[in-house]
Amino acid sequence: MDQIQGIQTYAGIVYLFIMFVFWLAAFVILYHLIRFGVGNEPKKVSAIFLGGSILISIITTLFFAQIIF
Amino acid sequence: MKLFDFLTQTSYSFEGKKDNENVALFVHRHSFTLLDKVIPLILFGLAPLVIFVVFGQFIVGNGMMIIFLCLWSVLILFLWYLLFYSITLYMLDYWIITDQRIINSELVGFFDREISEVSIYMIQDVSVKIEGLMATTLDYGTVEVQTAAKEYHFLFEEVPNPQKIKDTIVNMIGVAEQRRETKTAPIMSAASETESSVSENVIVPNQDEAFM
């Protein structure tokens, strides 16, 4: 029982760390594309990146939730 | 005003653009140069599929399916980031040809940008170099701009349609020359009128001063 709880805690910490690092890095990409991009293309690319990131984050969250909870 | 207008209503404006400056051409590297970074990422993203085909029974039999899916989703998240990191470097590495200057912005890494520019009046020679089978087939190459400072070369590397870029630069030089002549003409005529009608002590601005 304690071993399972340990795995759950460990998975939760890993999940939070991955999400924190990913969204920090994602913000840097979005910032660069919107701030320094010239024309329409960088804005479109940043919208695609944001949409895809949210989708993959949700999928990752669902998988990790099965371990954590 | 629609919510997503900002995606389509943006003109080619950039930092430091002058009011009377017109953009003639906006150039990225050829998209083929991006492919050699994207293809390995796609292949790497599909690698777990091969692992599952080979070790599928072991993974399912030991109840490790959910751990496998977690690791795969994290890998996809990481590769998604790397893909857009490459695309961001590609998109923020560009050349702008205006009727007054040529600007090169290069993103070496995040928070590490190099911006250089050359005045259109400084350009002395423009040459095109297309080397290799792929470059010839896909029509991309290097445009070299030689300026008045002999040691300084301005390079458009791996750009599509290099001939068109060269022609645009040559056209812009022509436009700049015409502009210079039209600006000079009234000054020169005023100078000659002044010289003939007023005394010899009148100082007429020379051409260089007139353009400051």
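The values are calculated or read from the model by the stated rules, or taken from the named source; none is laboratory data. As the structure is a prediction and not an experimental result, all values here were calculated from the model. Every residue, glycine among them, receives a Cβ derived from its backbone with ideal geometry; neighbour counts consider all protein chains shown. With ligands, DNA and RNA removed, areas are computed over all heavy atoms of the protein, side chains included. Shrake-Rupley method; radii C 1.70, N 1.55, O 1.52, S 1.80 Å.
Worth a mention:
- Solvent exposure of region A:2-68 as accessible area per residue, Å², 1.4 Å probe: 56
- Under 5 Å, built H, 5+ apart or other chain: amide partners of B:Leu25: B:Ile97
- In this rough spin-label picture, where each label sits 7 Å from Cα along the Cβ direction, the A:Val21-B:Leu35 distance is 3.3 nm.
- The order of B:Trp80, A:Trp23 by accessible area, most exposed first and with a 1.4 Å probe, is A:Trp23, B:Trp80.
- Taking only protein heavy atoms and a 1.4 Å probe, the accessible area of region B:104-175 is 52% carbon and sulfur.
- What the Cα convex hull of chain A gives, in volume per residue, is 49 Å³.
- Distance between the 7 Å Cα→Cβ label points at B:Arg179 and B:Phe58: 6.8 nm.
- Protein-protein interface of region B:77-103, residues with accessible area decrease of at least 50 Å², isolated chain reference, 1.4 Å probe: B:Leu77, B:Trp80, B:Tyr81, B:Phe84, B:Met91, B:Leu92
- A versus B: buried accessible surface, summed, Å² (probe 1.4 Å, to nearest 100): 2800
- If R0 equals 51 Å, the separation of the Cβ atoms of B:Ile66 and B:Asp99 corresponds to a calculated FRET efficiency of about 0.25.
- Measuring nothing but protein heavy atoms, the accessible surface of region A:2-68 at 1.4 Å probe radius is 76 percent carbon and sulfur.
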